[in-house]
Amino acid sequence: GLSGPVAALAMVAFALQLDVPTAAKVWIGVFGFVIELTIPALYAYVSELYPTRLRASGFGWASTVSRIGAGFVPVIFGSLLWPYLGLPMTFAVVGVLTLIAALWMGAAAPETRGRELDEISQGTTTSV
């Protein structure tokens with residue numbers, strides 16, 4: 001839950017230090033490192049939320065929606081946010097949105113640590 005906001009902070013620092021190439025490279029490296037840790041954990045967690053019989057389809061739909069969103073974000077980022085807010089503030093806005101999503105996920109998403117997949121599935125779906 002913290003990785004998204006931490007990645008956003010790294011991008012704000014990157015944008016603020018573009019004039020200092022070494023510092024900018026460090027911050028973009030921090031961003032890359034955090035994201036590379038986050039993506040596998042997120043993929044594992046999302047797939048645990050679906051019952052076994054629907055896991056592949058559910059994860060496929062979640063992945064598809066994510067990829068469609070990722071296709072629109074550069075357009076929104078490059079044409080709406082960056083020109084009006086500047087690069088550091090654009091990354092800050094994205095960071096706030098990411099923080100809101102992480103807080104919502106922390107409050108609304110089920111805890112899966114130490115639970116069997118069938119037990120998780122029974123708690124999040126109705127029996128068929």
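The values are calculated or read from the model by the stated rules, or taken from the named source; none is laboratory data. Being a predicted model, the structure only gives us computed values, none of them experimental. Neighbour counts run over all protein chains shown; Cβ positions are idealised from the backbone, glycine included. To get the accessible areas, we keep the full protein, side chains included, count just its heavy atoms, and leave off ligands, DNA and RNA. Shrake-Rupley method; radii C 1.70, N 1.55, O 1.52, S 1.80 Å.
Things to note:
- Estimated at the nearest 10 Å², the accessible area of residue 18 is 80 Å² with a 1.4 Å probe.
- Protein accessible area in segment 1-81, 1.4 Å probe - carbon and sulfur %: 77 percent
- Summarised in one figure, the compactness ratio Rg/Rh of the chain, Cα atoms and Kirkwood Rh, is 1.06.
- Within the chain, the longest run free of exposed loop sites, counting GluC sites (Glu not before Pro) that sit outside DSSP helix and strand states (H, G, I, E, B) and have at most 12 other Cβ atoms within 10 Å, spans 1-110.
- Residue 47 - accessible surface, heavy atoms, 1.4 Å probe, Å² rounded to 10: 30 Å²
- Span-like helix ranges in the chain, DSSP H, alpha carbon extent 24 angstrom or more, Kyte mean at least 0.5: 21-48, 55-76, 87-108
- Per residue, the accessible area of the chain comes to 70 Å² when a 1.4 Å probe rolls over the protein heavy atoms.
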